[in-house]
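Report on the structure given below.
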Amino acid sequence: MILKLKKPLAFFDLETTGINISRDRIVEISILKVHINGSKELKTERINPGMPIPKESSMIHGIYDIDVADKPKFPEIAKNLANFLEGCDLAGFNIVKFDVPMLVEEFLRAEVNFETKTRNLVDSQKIFHMMEPRTLSAAYKFYCSKDLENAHSAEADTVATYEVLNAQLERYDNKVLTDDKGNKTTPVINDMTILHKLSISNNVDLAGRMVYNDKGEAMFNFGKYKDKLVRDILQKDPSYYGWMMDSDFALDTKRRLTELKLQMLKK
């Protein structure tokens, strides 16, 4: 099945020093850019993280300190990467919870503005877990009838995710589901805007420290003010804003919190 695209769709995967968005760094990124006409560009970069790669992480993705010692650091390639992704929607496997927040954090550290609000985010893992809960290797076997060679290689995982999404769209095209309330819906359609709505959560920030409630109001999603409206807390306890800005929260979280504070002050 040919993807129905209104703008390029960039499949990507990251290999990192760990899973802490604030402290860990990218050591490899692979991007498969699918253009509207179906043509593809594959770009893979290894990156010097500027910190030792833990052995536990190296054992997973096979990238060691010596492999990236002479590679550029992220700020050196950030603008070129941002240009390559300009005008693209983003797709991948588990990108909403990890890869997108990690990539945005690296861009912010490099002082390169990389916005996700204007992009559709399509997460094949979300579709997979909804339809057939398993891992990427199992998804590849299930949907493509092939074994995933070199799993945890960014390039292999990126190309596999592209094939998985195509196979998912073929398998679930026009398939009607009934939820626990009896409502019927067709969730998987070959339209990136619809797949974005399926993939994305109700997070205000990519790390999920703040979420939208049913009324579209931002609430804190952690700590002593969990489930409290952000605007109420900023009014009642203005020092909480300063505490978050000075603490080890993701830069994207701080950016979104500042946006909410400015919106509140304008009203």
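The number of residues in region 1-19 being assigned to a loop (DSSP other than H, G, I, E, B) and among the charged types (D, E, K, R) comes to 3. Restricted to region 142-161, and to residues there that are out of contact with any Ser or Thr (no Cβ under 9 Å at 6 or more places or on another chain) and exposed (fewer than 15 other Cβ atoms within 10 Å of the Cβ), the residue that is nearest to residue 58 (Cα to Cα) is 150. Taking the listed residues 126, 79, 97, 117, the one that is of a type in the set (Lys, Arg), at pLDDT 95 or above and not in a strand (DSSP E or B) is 79, with no other qualifying.
Give me the residue from region 25-47 that is closer than 18 Å to residue 151 by Cα and among the hydrophobic types (A, V, I, L, M, F, W, C) and, out of that set, surrounded by the most Cβ atoms within 10 Å (Cβ to Cβ). If we take residues in region 25-47 being closer than 18 Å to residue 151 by Cα and among the hydrophobic types (A, V, I, L, M, F, W, C), then 27 is surrounded by the most Cβ atoms within 10 Å (Cβ to Cβ).
Does residue 163 satisfy the criteria of being in contact (Cβ under 8 Å) with a residue 12 or more places away in the chain, closer than 30 Å to residue 79 by Cα, in a helix (DSSP H, G or I) and in contact with a Cys (Cβ under 6 Å, 6 or more places away or on another chain)?
yes
Among the residues here, residue 60 qualifies as surrounded by fewer than 17 Cβ atoms within 10 Å (Cβ to Cβ), touching a His at 6+ places or on another chain (Cβ under 9 Å) and either in a helix (DSSP H, G or I) or of a type in the set (A, V, I, L, M, F, W, C) (or both). When you scan region 20-38, how many residues do you find that are in a loop (DSSP other than H, G, I, E, B), under 17 Å from the mean Cα position of the chain (by Cα) and under 15 Å from residue 90 (Cβ atoms)? Number satisfying all stated conditions: 0.
Take region 217-259 and flag every residue that is in contact with a strand residue (DSSP E or B) (Cβ under 9 Å, 6 or more places away or on another chain), under 27 Å from residue 103 (Cα atoms) and β-branched (Val, Ile, Thr). The answer is 230, 253. Sub-8 Å Cβ pairs linking a first residue in region 239-267 that is in the same structural domain as residue 223 (by TED's automatic domain parsing) and free of Cβ contacts under 8 Å to residues at least 60 places away in the same chain to a second residue that is of a type in the set (Ser, Thr, Tyr) and outside any loop (DSSP other than H, G, I, E, B), at least 6 apart or interchain, are 240/225; 244/253; 245/258; 257/241; 261/241, ordered by first then second residue.
The set of residues from region 213-222 being at pLDDT 90 or above, under 24 Å from the mean Cα position of the chain (by Cα) and over 11 Å from residue 256 (Cβ atoms) comprises 213, 216, 217, 219, 220, 221, 222.
On the given criteria, is residue 22 surrounded by fewer than 19 Cβ atoms within 10 Å (Cβ to Cβ) and in contact with a Phe, Trp or Tyr (Cβ under 6 Å, 6 or more places away or on another chain)? No: the conditions fail for residue 22. In the condition set (1) more than 16 Å from the chain's Cα centre (by Cα); (2) outside any loop (DSSP other than H, G, I, E, B), residue 70 is compliant with all but (2). As a summary of the residue check, residue 164 satisfies the conditions (1) closer than 22 Å to residue 127 by Cβ; (2) surrounded by fewer than 20 Cβ atoms within 10 Å (Cβ to Cβ); (3) of a type outside the set (Phe, Trp, Tyr) except for the one numbered (2).
The values are calculated or read from the model by the stated rules, or taken from the named source; none is laboratory data. Here the structure is a predicted model, which means the values were calculated and not measured. Cβ sites come from the backbone with ideal geometry, for glycine too, and all protein chains shown count toward neighbours.
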